[in-house]
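Heads up: the structure comes next, in structure tokens.
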Amino acid sequence: MALLPEMASPEELEHMGFERLNRGELKEGLKLILRSAKRYEDEGKLEDAARLYHYFGYFFLERLGKPDKAKPPLLKSAALYIDLIEKELSNFDIDTSKLNEYCTKTLSIFATVGDEKNLKKYAKHFAEMYEDLARAYLDSDEIELAIRAFEDSFRYYKIVGDGEAIKRIADELITAYGRITEEKVAEGDAAGAADAFYRLAGYVLALFGYDAHYVEMMDTAARNYEKASKLAYSEGDLDGTTTHLLKAQYSYLLAGNTSRAKLIGLNNVRITYQVISSFQSAGRDKDVARKLLELAQSLLAVGKTKEAFKAYKESLNMDSSLRSHTIMRIAILKVYGAENRDSHVLSAVYDAEYYLDRNNEARAIEIVDGVLNSLSELESLVNMLHEAEGISQKE
């Protein structure tokens, strides 16, 4: 006997709704999903309600092409995410990953419906909220949590376009990362120190532009990545060796030391081929895809463009994730940004990497695609990129 919707739980209604959608019964399926969202809301299950209103709105927007019908459920979802943010902030132990997810979705909705007023209003609110959180973490000497919160605050201030606040937070991050680099160097953690110097360089770029300060920090990151690669090599870890060498290669490139970057790159290409061959023999397809993507980046930075996109295509044949697409775009922009000492392009790279770190691949690729499409000098490379991805040039 079929369960009547009036007697169903919100979970059962949701299941029924998606079953109808999968059978092509759009009207009935959407009706059940909306009813489920309302029932979730009535029961105080705000995250589930927000998720379904979000889905409902985007279904009308993207699948049915009806933005007017999409707007009310999307704004309802945003309102619920704002409630969830306030609720999370009242907890003794704040789940920062959930908080970031709610904030990101709220702003994404306002951007989607074109509500510029609320986009700026809440971006400013979130920026100040994260800045306060960061300072509280600093007071408790929780430096890594403070850094994460300051980085969130930095990006929200960028949405608002508050130049003074951007510089203030960048300065805080330089100081905080400075502490991390000292600790990592003292511990003999070359890889950890390299990562910290690399990120530090990004905020030096935001504060001073592409100048001697930036070059110095990026060069220090490169030397530490190189040191980490030698340590990995001495331990027989060729996988780790090549990953560190790739990071060293790009860091030297960003520091303007092109000759060192090329030397390391050519060496890295040679070893990476060996690693790929080893993984292929062992049937480790996921690792093969990962190393092929690294090989593509390394080849690109030494000017072997055709070979780079060939390796990229082979990688995508095994793992065509949004993350892989984003990483290759970032590599193109790093090479261009380094060659032209372009702070704007490199700033976009750091933003994209920030979103990748937070598993927001959609926002990361949106940023890099926006920059790639604005640079006519990169048109031929973008065409090669799309060809490797199987995207028609007419699309």
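Please go through segment 168-188 and give me each residue that is surrounded by fewer than 16 Cβ atoms within 10 Å (Cβ to Cβ) and either farther than 21 Å from Asp139 by Cα or not assigned by the TED database to the domain that holds Arg135 (or both), ordered by number.
Ala186, Glu187, Gly188
Would you call Arg148 open to solvent by less than 20 Å² (accessible area, probe 1.4 Å), in contact (Cβ under 8 Å) with a residue 12 or more places away in the chain and among the basic types (Lys, Arg)? Please lay out each step first, then the result.
Details: open to solvent by less than 20 Å² (accessible area, probe 1.4 Å): no; in contact (Cβ under 8 Å) with a residue 12 or more places away in the chain: yes; among the basic types (Lys, Arg): yes.
Spelling it out, it is not the case that Arg148 is open to solvent by less than 20 Å² (accessible area, probe 1.4 Å), in contact (Cβ under 8 Å) with a residue 12 or more places away in the chain and among the basic types (Lys, Arg).
Give just the number: which of (1) within 20 Å of the chain's Cα centre (by Cα); (2) without any contact (Cβ under 8 Å) to a residue 24 or more places away in the chain does Ile365 not satisfy?
The failed condition is (2).
State whether one or more residues within segment 256-274 are open to solvent by 10 Å² or more (accessible area, probe 1.4 Å) and closer than 26 Å to Phe154 by Cβ.
yes
Given the conditions (1) touching a Leu at 6+ places or on another chain (Cβ under 6 Å); (2) modelled with pLDDT under 95; (3) closer than 16 Å to Lys105 by Cβ; (4) not charged (D, E, K, R), and given that Pro67 satisfies all but one, which numbered condition is not satisfied?
Pro67 satisfies every listed condition except (3).
If we only count helices (runs of 4 or more DSSP H) wholly inside segment 264-352, which ones have 2 or more residues that are in contact with a Phe, Trp or Tyr (Cβ under 9 Å, 6 or more places away or on another chain)? Spell out how you get there, then give the answer.
Numbers: elements: 285-301, 305-318, 322-340.
Where helices (runs of 4 or more DSSP H) fall fully within segment 264-352 and carry at least 2 residues being in contact with a Phe, Trp or Tyr (Cβ under 9 Å, 6 or more places away or on another chain), they are 285-301, 322-340.
Could you grab me the full set of residues in segment 207-231 that are of a type in the set (Gly, Ala, Ser), surrounded by fewer than 23 Cβ atoms within 10 Å (Cβ to Cβ) and assigned to a helix (DSSP H, G or I)? I'd like the intermediate steps shown before the answer.
Start the filter on segment 207-231 by keeping residues that are of a type in the set (Gly, Ala, Ser), which leaves 209, 212, 221-222, 228-229.
Now drop any that are not surrounded by fewer than 23 Cβ atoms within 10 Å (Cβ to Cβ), which leaves 209, 212.
Once the filter is applied, which keeps residues that are of a type in the set (Gly, Ala, Ser), surrounded by fewer than 23 Cβ atoms within 10 Å (Cβ to Cβ) and assigned to a helix (DSSP H, G or I), segment 207-231 yields only Ala212.
What residue, among those in segment 367-393 that are among the β-branched types (Val, Ile, Thr) and part of a helix (DSSP H, G or I), is surrounded by the fewest Cβ atoms within 10 Å (Cβ to Cβ)?
First, the residues of segment 367-393 that are among the β-branched types (Val, Ile, Thr): 367-368, 371, 382, 391.
Right, trim to part of a helix (DSSP H, G or I) and you get 367-368, 371, 382.
On the way: Ile367: 22, Val368: 26, Val371: 23, Val382: 18.
Per the criteria, the residue is Val382.
Which fully enclosed helices (runs of 4 or more DSSP H) of segment 1-93 have 2 or more residues being surrounded by 20 or more Cβ atoms within 10 Å (Cβ to Cβ) and more than 26 Å from the chain's Cα centre (by Cα)? Show your work before the answer.
On the way: elements: 10-22, 26-42, 46-58, 67-89.
In segment 1-93, 10-22, 26-42, 67-89 are the helices (runs of 4 or more DSSP H) which contain 2 or more residues that are surrounded by 20 or more Cβ atoms within 10 Å (Cβ to Cβ) and more than 26 Å from the chain's Cα centre (by Cα).
Would you point out the residue of segment 287-343, among those that are farther than 18 Å from Glu366 by Cβ and among the β-branched types (Val, Ile, Thr), that is surrounded by the fewest Cβ atoms within 10 Å (Cβ to Cβ)?
Out of the qualifying residues, it is Thr305.
Any residue in segment 104-122 that is surrounded by fewer than 17 Cβ atoms within 10 Å (Cβ to Cβ), under 18 Å from Val160 (Cα atoms) and touching a residue at least 24 places away in the same chain (Cβ under 8 Å)?
Initially, segment 104-122 is screened for residues surrounded by fewer than 17 Cβ atoms within 10 Å (Cβ to Cβ), giving 111, 114, 116-117, 120-121.
Checking the rest, the ones that are also under 18 Å from Val160 (Cα atoms) come to 111, 114, 116-117, 120-121.
In the following step, the residues that additionally are touching a residue at least 24 places away in the same chain (Cβ under 8 Å) were identified as 120.
For segment 104-122, residues surrounded by fewer than 17 Cβ atoms within 10 Å (Cβ to Cβ), under 18 Å from Val160 (Cα atoms) and touching a residue at least 24 places away in the same chain (Cβ under 8 Å): present.
The values are calculated or read from the model by the stated rules, or taken from the named source; none is laboratory data. None of the values given here were measured: they were computed from a predicted structure. All Cβ positions, glycine included, derive from the backbone under ideal geometry; neighbour counts span all protein chains shown. Please note that ligands, DNA and RNA were not included when accessible areas were found on the heavy atoms of the full protein model with its side chains. Shrake-Rupley method; radii C 1.70, N 1.55, O 1.52, S 1.80 Å.
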